[in-house]
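Comments concern the structure below.
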Amino acid sequence: MAYVRHAESPAALNELLSSKSQSLVVIDFTAPWSAPCKILDPIIDSFAKSNPHVTFVKVDIDRLPTVAEKYSVTNLPVLHFIKNKSIVETVRGVDRESIRAAIVRNTLDSVASTSGSSETND
């Protein structure tokens with residue numbers, strides 16, 4: 001079952017990023033007082049359900065300010081797309097199409113490499 005995880009501590013987030021280093025992790029920086037974050041919540045839930053190969057995790061910036069600081073979060077909402085513990089893309093604001101496109105762009109390599117197919121120029 002697909003779902004959105006919640007980072008409970010910096011150590012828990014680091015452990016998750018380490019365990020999922022070969023796949024895409026989307027960190028959703030959020031706060032309960034942010035209206036745009038509340039608008040984004042069902043959108044993220046939908047993407048989590050339709051992309052079980054991607055790990056989605058929410059980070060409450062009020063509960064984990066050191067994590068927000070580490071990732072230079074200055075406004076909300078912001079999503080960081082992480083692969084191999086590095087940011088590969090960032091989406092700011094409530095932009096469903098940009099989020100969808102970022103997921104597609106950053107999972108194509110993973111899907112292609114696991115399918116065993118290769119391109120040839122015949």
* Normalised by the residues of the chain, what does the relative contact order come to in percent, with Cα pairs under 8 Å and at least six apart? -> 31 percent
* Structure fact -> With every protein chain in place, the accessible area of residue 63 for a 1.4 Å probe, in Å² rounded to the nearest 10, comes to 150 Å²
* Sequence-distant residues sharing a close amide H with residue 24 (under 5 Å, placed H) -> 55
* Quick one: which residues, 5 or more positions from residue 88 or on another chain, have an amide H under 5 Å from its amide H? H modelled 1.01 Å from N in the peptide plane, none for Pro or chain starts. => 81, 82, 83
* What are the extents of the Cα atoms of the chain along their three principal axes, listed from largest to smallest and rounded to whole Å? -> 56, 29, 28
* Hey, rough spin-label estimate for residue 75 and residue 34, points 7 angstrom out along Cα→Cβ, what's it come to in nanometres? -> 1.1 nm
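The values are calculated or read from the model by the stated rules, or taken from the named source; none is laboratory data. Fair warning: this is a prediction, and the values are worked out from it, not measured in the lab. Positions of Cβ are backbone-derived with ideal geometry, glycine not excepted, and every protein chain shown enters the neighbour counts. Side chains are part of the model used for accessible areas, which takes the heavy atoms of the whole protein and leaves out ligands, DNA and RNA. Shrake-Rupley method; radii C 1.70, N 1.55, O 1.52, S 1.80 Å.
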